Each structure stands twice: as structure tokens, then as C-alpha cells.
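I have placed the structure first, in the form of C-alpha cells, so that the comments after it can refer back to it.
The values are calculated or read from the model by the stated rules, or taken from the named source; none is laboratory data. Quantities reported herein were computed from a predicted structural model and do not represent experimental measurements. Here the Cβ positions follow ideal geometry from the backbone for every residue, glycine too, while neighbour counts run over all protein chains shown. Accessible surface areas use protein heavy atoms only, side chains included; no ligands, DNA or RNA. Shrake-Rupley method; radii C 1.70, N 1.55, O 1.52, S 1.80 Å.
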Amino acid sequence: MPRVETRRFPNLTVLSHPLIQHKLTILRDKRTSTRDFKQLVNEIAMLMAYEVTKDLPLEPVDIETPLEKTTGSQVAGKKLTLVPILRAGLGMVEGISQLIPSARVGHIGLYRDHSTLQPVDYYFKIPSGEADRAFFLLDPMLATGGSAVAAVSALSRAGAQKIRFLCLVSAPEGVKAMLDAHPKVPIYTASLDRELNAKGYILPGLGDAGDRLFGTR
Ligand code: PRP
Ligand code: URA
């Protein structure tokens, strides 16, 4: 697939690990079943989480092995918090939770109005201690950016200060919308695709992520 220029987006990191790219290609294929789609979204999310957490700060911790006392390292600060944007973001939770079992999970309910493409919000619940938590906002698709921008705004209003956005496929329009609205929120994506079509779908994309994940079409 031709590469889209990423240098104009300082907020964007494209995770080009071969396993991520291999799995993403199967995910895009229209012949991929709902069962495989769900499994692949989880696997890609897990691989992305491994990359996205590589700069988390550590703190020393005293432990005792069966032989003697020693000092190990643990991830510093409050528990990481995963926040899927409903529905499709739910598909990324299980894979990341396998890597970070102690992560808390919040939820943001948003859907995109099909005619206006504007996000409509219907649910918001996150754990307390917002200011100290590291939030990973999850949604497979960043298209116009309306949903991601609204979700970050809602988290910020609730007091969140450390937010990272993880998506599988992004469009330049959505990355730009995030850069304009929330320039300090890093975006991690498996692919920056070419463009949006007239209906706001990402090209080449993978279609409607929620429908393919839950088999609702
Ligand atoms: C999809 C996707 C994102 C949003 C992206 O959700 O999961 O949340 O669209 O589009 P945007 O960047 O233009 O806002 P959708 O609204 O279809 O809801 P669903 O997950 O419930 O199917
Ligand atoms: N939402 C999706 O699920 N797919 C797209 O291509 C755009 C928005």
C-alpha cells in the first residue's frame, strides 16, 4: 500500500512492527470473518500496547525472592486506565488487558450520526483519581476525528491530564482534527490511510469497524 506522508503530523506515531502490519492486512480483507476480525483486533491492540507502554516510568520496589531480598522495578503511579469508545473500541480492551491485567476500564459512549458525521454522546464513566491516571483511549478508527476529539474533550473536562489515543486505522483528516483540538495528545496508529470518502469512511480502510466486530450488518 502506498505510504502517506506522516511528517506533517508531530502528534502521530505509526507502529510499523511486521506482526502488526501482517495482521492489519488480514483485518482489512472483506473476506475475514467476524470471529477472526474480533481476534485480530485484540491481537493488534496487544502488540500496539507493548509499543505504546515502552516509555512508562518505573519506580524501585523491594521484594524477597525465595533466596534473598532484592530490589525490582514496577510501573510507577496509579493504575493504567483503558477507555474504549463504544462500540468498536471494546474490541481492543481484551487484548490490552491480557498484557496489563491490573488496568482499570472506563467507557465513553459515542456514535457518529450517519448524515451529519457529528459525534453524539450517550455514556461516560471513568474511575476516580483522574488527574493521576494514565488514560489509553481506544477506538479502531480515526476518520473525521469528531469522535476522538469529543472523547478527549470529555476526559479532559473530567480532569484527565495524561491521555494517549490508540487506533488501528487513521485518516489524515482525523489526525489533523486531533492536532488542532488536542495537540498534546499523542496518537498511535497501525496505519495512516489515504483519505476519507464522501460518506466519511476511510480509504482503503477496513469498512465499518463496529459492524464487522459485532456482526451487525
Ligand atoms: C466509528 C468508529 C469511531 C468513529 C470514527 O464508530 O468506531 O468511533 O466511527 O469516526 P469519526 O472519526 O468520523 O468520528 P461509529 O460512530 O460507527 O459507532 P459504533 O462504534 O457504535 O459502530
Ligand atoms: N468508522 C468506521 O467504522 N469506519 C470508517 O471507515 C470510518 C468511521
Residue among Thr32, Thr25 that alone is among the polar types (S, T, N, Q) and touching a helix residue (DSSP H, G or I) at 6+ places or on another chain (Cβ under 9 Å): Thr32
Does the stretch 121-135 contain any residue that is under 22 Å from Leu15 (Cβ atoms) and open to solvent by less than 30 Å² (accessible area, probe 1.4 Å)? yes
Would you confirm, using the coordinates I've provided, whether Ser147 is polar (S, T, N, Q) and either in contact (Cβ under 8 Å) with a residue 60 or more places away in the chain or closer than 25 Å to Met46 by Cα (or both)? yes
Just one of the numbered conditions (1) modelled with pLDDT under 95; (2) within 11 Å of ligand 2 (Cβ to nearest atom); (3) farther than 27 Å from Gln39 by Cβ is not true of Glu173; which one? (1)
Would the stretch 159-166 turn up any residue that is among the β-branched types (Val, Ile, Thr), in contact with a Leu (Cβ under 9 Å, 6 or more places away or on another chain) and on the phi < 0 side of the Ramachandran plot? yes
Restricted to the stretch 186-214 and to residues being more than 14 Å from ligand 1 (Cβ to nearest atom) and part of a loop (DSSP other than H, G, I, E, B), the residue most open to solvent (accessible area, probe 1.4 Å) is Arg194
If Glu64 satisfies all but one of (1) touching a Ser or Thr at 6+ places or on another chain (Cβ under 6 Å); (2) loosely packed, with under 10 Cβ neighbours inside 10 Å, what's the number of the condition it fails? (1)
In the stretch 123-171, how many are outside any strand (DSSP E or B) and closer than 17 Å to His107 by Cβ? 21
So, in the stretch 172-185, of the ones that are crowded, with 20+ Cβ neighbours inside 10 Å and in contact with a Gly (Cβ under 8 Å, 6 or more places away or on another chain), which residue ends up nearest to Lys30 (Cα to Cα)? Gly174
Residue by residue through the stretch 1-24, note down the ones that are basic (Lys, Arg) and open to solvent by 50 Å² or more (accessible area, probe 1.4 Å). Arg3, Arg7, Arg8
Which of the strands (runs of 3 or more DSSP E) contained wholly in the stretch 2-116 include at least 3 residues that are over 14 Å from the mean Cα position of the chain (by Cα) and within 26 Å of Gly145 (Cβ to Cβ)? 107-112
